[in-house]
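The values are calculated or read from the model by the stated rules, or taken from the named source; none is laboratory data. In this text, all values refer to a predicted model and were calculated from it rather than measured experimentally. Every residue, glycine among them, receives a Cβ derived from its backbone with ideal geometry; neighbour counts consider all protein chains shown. In case anyone asks, the SASA skips ligands and DNA or RNA and just uses the protein heavy atoms, side chains included. Shrake-Rupley method; radii C 1.70, N 1.55, O 1.52, S 1.80 Å.
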Amino acid sequence: MTQTVGIRPGFSDPVMGAQRSFRAVLDAMSRPGVIRSTSTGNPPPVPLSEATAAICLGLVDHDTPLWLAPAFDRPEVTAFLRFHCGCAIIDRPADAAFAITTGADLPPLGDFALGDDAYPEHSTTVIVQVDGLGTDGGLTLSGPGIETTHRLTVEGVRAGLWDDWAANRELFPRGVDLILVHGAKLAALPRTVAVDTPKED
Amino acid sequence: MSTVIQHPSAQHPSAAKTETTPVAMIEGYNFAYLDEQTKRMIRRAILKAVAVPGYQVPFGSREMPLPYGWGTGGIQVTAAVIGPDDTLKVIDQGADDTTNAVNIRRFFAKTAGVATTEKTADASIIQTRHRIPEKPLTEEQILVYQVPIPEPLRQLEARETETRKMHALEEYGVMHVSLYEDIATFGRITRSYNYPVKVADRYVMAPSPIPKFDNPKMNRMPALQLFGAGREKRIYAVPPYTKVESLDFEDHPFTIESWEENCALCGATDSYLDEVVIDDKGGKMFVCSDSDYCQERREAGHVGDGGPPHTESDGR
C-alpha cells in the first residue's frame, strides 16, 4: 500500500491569485527593499509560508525545475508543489530555476545556477524564508530601482550571507536573485542591488 | 507663426470622440486573452529583465490576433501584467485615438474587462507605440513599450550569435564607430529616433523608435519601463530610478530636437510637435504629438496662435 498524502488547496482564484502574486513580486523586484505581501488565500503546508506558496503557484511550472532545502523536502510540501505547479523537484541547486530555503540553511550562492554572460537569465531565483522583515534599519540598499537608498531589516539569515551577496553582485550580469519571505510578506534583492551592512564596532 | 485653422471645431487633429458605451467583455477567453502557462512564462521573463536592466530576455512569443508590427510584444507584456484593478491607457505616436491605440484599448476592455482612460494621470499601465507621455510618470505607473527591433546593434551586425557576444563582453565599439561616422559625414549624429542608450552603465539598449526628444525622460524615471518585441521574441526592462544615458561624445554631446514654432492649439513650447498639413495650398501647422497633454492644456485655458479658444462643444 502506498502512503497517501493530503494535498492542501492552492489559490482560491487561480487566475487572479497568480496575477496578484506576480504583481507583488514585480513591484518588490523593481523596487528592491520595498515590502509587499501576497498569499494564496489558503494555508499552505508547513513549513511553506503564505508568500512562498503564492510565489510558487504563480511562477513555477513544468518548465522550471525547483530545488528544496532539506527542511522543505517533506511529503506534504513536495506533493503540494508537484500537484499545483507540475514542476520537477531536483537534487542539485545548480540545475534549479527556482529554489526554496530558509535563511539559516541558505547554501553558498555560488551553488545555484548563475547563468552565463551571454544568457544571464539562466540563473536561480532563490526564495528565502527568513524570521523577520522590516524597513526600519539594518541594511542599506542602493542600485537600480532605488531613488536614493532603501533600508531593510532581515532577521534569521546565516552568517556571511552579505559578503556572499557582494561577491554575487561582482558577477553581474550573472548571479542569483533573492526573494526574501516572512509569512505573507516579501522583499526582493535582484542581483544589481548593493547591500551595506551596519559597521561592527 | 500665425496659421489660422480652417477646421471649425478646432479639435486636436487626431481627436476622436470618447467611447461613450462601455465595451462588453467577450466570453470564452481567459482573463487578458493569454493562457496561464504563457503568462507565467512571460512573467518570469519580465522578472529576469528587471533583474538585468537593459538585457533582452528571449521569450516564447505567441501568435496574437493582430499582425506583427501592431504591438504584439507590448500586448503580451501588458496581458501578463494587467489585473482587474488596473486602468489602461494606450497611445500610438502620442495619440490616444489612432487605430492601433483604440483597438488595443478595446482588446483589453473586452478580454480583461479593465477600465481604460485617455488621461495619463489616471492610468496605472500605459502601453505606448513610439512616444513617452509629456506628463511626468509616477511610481504607481508602468510604461509598456511596443518594440519592433529590440537589438540596438542589429543594423550594424546582422548575426544574433555575434550581437549576443558583443553584449556579453560589453563590446560596443561598433556602435560608437557608427555614431562617429555620422559626425564625420554630416557633422552631427543624425539619428533622430531609436537613439541608442546605455542602461545602468552596462547594456546598450534600443529605446524603441521613440524620438530622441523622449530619451531624457527615460533617465531615472519613477515608473517601471517594460519593453516587448513580439516578432523578435524579446522582453527587456528599465527599473525605476535607473540611469539611462544617451550615447554621445564629449565634443558632440547629445541634444534633443527643438522647434521654432509652438503648438498651434495649446501654445505649448515644451512638447514634441507634429507637423500637420491642413490644406492643399501648402498650409501646415504644428501641434502636440501627445493628444492628452494638448487637450489638458487647452482645457486649462492655454491657447496657441493657430486656433480659436477651447469650447465645451469640443467633445471629450
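Odds and ends about this structure:
- The calculated FRET efficiency for the pair B:E36 and A:A71, based on their C-beta separation and a Förster distance of 30 Å, comes to about 0.55.
- Between B:G94, B:G54, B:G69, the Gaussian network model of chain B with springs among Cα atoms under 10 angstrom shows the greatest mean-square fluctuation at B:G69.
- Structure remark: mean-square fluctuation, Gaussian network model of chain A, C-alpha springs under 10 Å; the largest value among A:S12, A:S37, A:S49 belongs to A:S12.
- Calculated [θ] (222 nm, deg cm²/dmol) that DSSP helices of n ≥ 4 give over the protein assembly as shown, each run adding -39,500 (n - 2.57): -7000 deg cm²/dmol
- Taking the longest Cα principal axis of chain A as reference, the axis of helix A:50-59 is set at about 80 degrees.
- Isolated Cys in chain A, by beta carbon distance under 4.7 Å: A:C56
- Both numbers refer to the Cα atoms of the stretch A:14-190; Rg and Dmax are 15.1, 45 Å.
- Distance-filtered residues of the stretch A:59-87 - backbone nitrogen under 19 Å, label point 7 angstrom along A:N42 Cα→Cβ: A:59-62, A:74-87
- Contact order normalised by residue count of chain A, Cα under 8 Å, 6+ apart, percent: 23 percent
- Accessible surface buried by the B/A pair amounts to about 3200 Å², both sides summed, 1.4 Å probe.
- Of all DSSP beta bridges in chain A, antiparallel share, percent nearest 5: 55 percent
- Interface residues of the stretch A:127-153, defined as those losing at least 30 Å² of solvent-accessible heavy-atom surface relative to the isolated chain (probe radius 1.4 Å), are listed as A:P144, A:G145, A:E147.
- Between B:D248 and B:L66, the modelled labels are 3.4 nm apart [label points 7 Å from Cα along Cα→Cβ].
- Treating each Cα of chain B as an identical point scatterer and summing with the Debye formula, the log10 of I(q)/I(0) at q = 0.10, 0.15 Å⁻¹ comes to -0.60, -1.23.
- Each residue of the stretch B:36-50 was assigned a 3J(HN,Hα) from its phi angle through the Karplus expression (A = 6.51, B = -1.76, C = 1.60, θ = phi - 60°), giving 5, 5, 5, 4, 4, 4, 5, 4, 5, 5, 5, 5, 5, 4, 5 Hz with x at Gly and Pro.
- Full-extension gain in nm, B:E299 to B:I149, via 0.36 nm per residue minus C-alpha separation: 50.3 nm
- Contact order relative to length of the stretch B:42-105, as percent, for alpha carbon pairs under 8 angstrom and 6 or more apart: 23 percent
- Cross-link pairs beyond the 22 Å C-alpha cut-off, checked among B:K165/B:K217; A:K185/B:K198; B:K48/B:K243; B:K119/B:K284; B:K48/B:K212; B:K212/B:K281: B:K165/B:K217; A:K185/B:K198; B:K119/B:K284; B:K48/B:K212; B:K212/B:K281
- Nearest 10 degrees, 0 to 90: helix A:161-170 Cα axis against chain A principal axis: 80 degrees
- FRET efficiency for B:N219 and A:A166, using Cβ-Cβ distance with R0 set to 22 Å, rounded to 0.05: 0.25
- Where the protein assembly as shown is the region considered: accessible area per residue in Å², 1.4 Å probe: 42 Å²
- Paramagnetic label zone (point 7 Å from Cα along Cα-to-C-beta, A:A118; backbone N under 16 Å) in the stretch A:159-201: A:173-174
- Label point of B:D85 set 7 angstrom out along Cα-Cβ; within the stretch B:133-153, amide nitrogens under 19 Å from it belong to B:138-143.
- Per residue, the average separation of C-alpha pairs within less than 8 Å and at least 6 apart gives the stretch A:89-128 a relative contact order of 48 percent.
- Cα radius of gyration and Dmax for the protein assembly as shown (Å): 24.6, 91
- By accessible area, using a 1.4 Å probe on protein heavy atoms only, the protein assembly as shown has 50% of its surface on carbon and sulfur.
- Residue with peak Gaussian network fluctuation, chain B [Cα springs, cutoff 10 Å], from B:V276, B:V199, B:V287: B:V276
- Expressed to the nearest 5 percent, the antiparallel share of DSSP beta bridges inside the protein assembly as shown is 55 percent.
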